[in-house]
1. Please compute the net charge surrounding Glu124, taking Lys and Arg as +1 and Asp and Glu as -1 over other residues with Cβ under 11 Å from its Cβ.
2. What number of lysine-lysine pairs in region 8-187 show an alpha-carbon separation below 19 angstrom, given a sequence spacing of 8 or more or placement on distinct chains?
3. Taking a spot 7 Å from the Cα of Ala73 along the direction of its beta carbon, which residues of region 1-32 have an amide N less than 18 Å from it?
4. Only sites in a loop by DSSP and with at most 12 other Cβ atoms within 10 Å count here; which GluC sites (Glu not before Pro) in region 104-192 make the cut?
5. List the residues of region 18-33 whose backbone N lies under 15 Å from a point placed 7 Å from the Cα of Ala88 along the Cα-to-Cβ direction.
6. For region 111-137 and region 38-91, what is the separation of their C-alpha centers, rounded to whole Å?
7. Hey, what's the Cα Rg ratio for the chain versus the globular rule of thumb, 2.2 N^0.38 Å?
8. Which net charge results when you count Lys and Arg as +1 and Asp and Glu as -1 among the other residues whose beta-carbon is under 13 Å from that of Ala152?
Amino acid sequence: MQNDKPLAGKTIAILVSNGFEEVQMTEPQRALLAAGATLKIVSTEQGLVNGWHEKAWGHYFAVDVPLSNALAADFDAVLIPGGERGVAKLAANPHTKRILRGFADAGKPIAALGVAPQLLALSERIQGRTVVANDSVRETLEAAGAKLADEAETVVVDGSLITARDDLDMPAFKDAIVEHFTTVAASLAAAA
């Protein structure tokens with residue numbers, strides 16, 4: 001049944017670099033796979049990318065597409081897990097700005113968790129958008145013109161963008177990301 005797999009036929013990029021917050025990738029990844037999506041890990045790393053789990057290095061994951069070769073046009077949505085180390089490496093790579101601008105300009109769904117919303121400030125596509133983020137990146141987002149949601153919020157949806165703090169309710173977020181990606185992808189398909 002189509003309703004059991006609302007993201008069937010959709011390809012979602014997971015944008016990461018060494019040190020990304022592993023649970024912020026694997027939990028949404030499971031939910032998106034269960035919804036029928038095809039997931040591709042896009043990374044600054046070659047071959048394998050290493051996650052961060054709690055207070056130590058976590059698992060390695062195979063990189064499907066090098067960031068330098070990735071185009072927003074090849075994907076229907078993007079998930080960006082947080083993690084200070086990984087986000088810092090993504091921020092230092094000029095291809096991050098390019099691909100995030102591509103997603104934002106096309107109105108494609110973007111999910112950014114923890115400190116990852118700061119990457120949207122680098123893409124210069126955050127002005128006027130309501131976001132939620134960790135305290136450590138609130139100043140960067142405000143300087144880029146973002147509107148910060150009430151601190152009680154852990155997940156915020158603004159148009160094609162969904163943001164979440166590290167202390168998010170993961171089960172609620174997994175449901176929200178599947179619904180968000182499905183709704184935005186359907187509206188883009190209807191407009192095409």
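Coordinate-derived values only; no laboratory data. Computed from a predicted structure; not experimentally measured. Every residue, glycine as well, gets a Cβ built from its backbone with ideal geometry; the counts of neighbours run over all protein chains shown.
1. Around Glu124, the surrounding residues sum to +2.
2. 11
3. Once the point is set 7 Å along Cα→Cβ of Ala73, 11-13 turn out to lie under 18 Å by backbone N, inside region 1-32.
4. Answer in residue order: Glu151.
5. Only 18-21 pass the distance filter.
6. Distance between centres, Cα-based: 17 Å.
7. 0.93
8. -4
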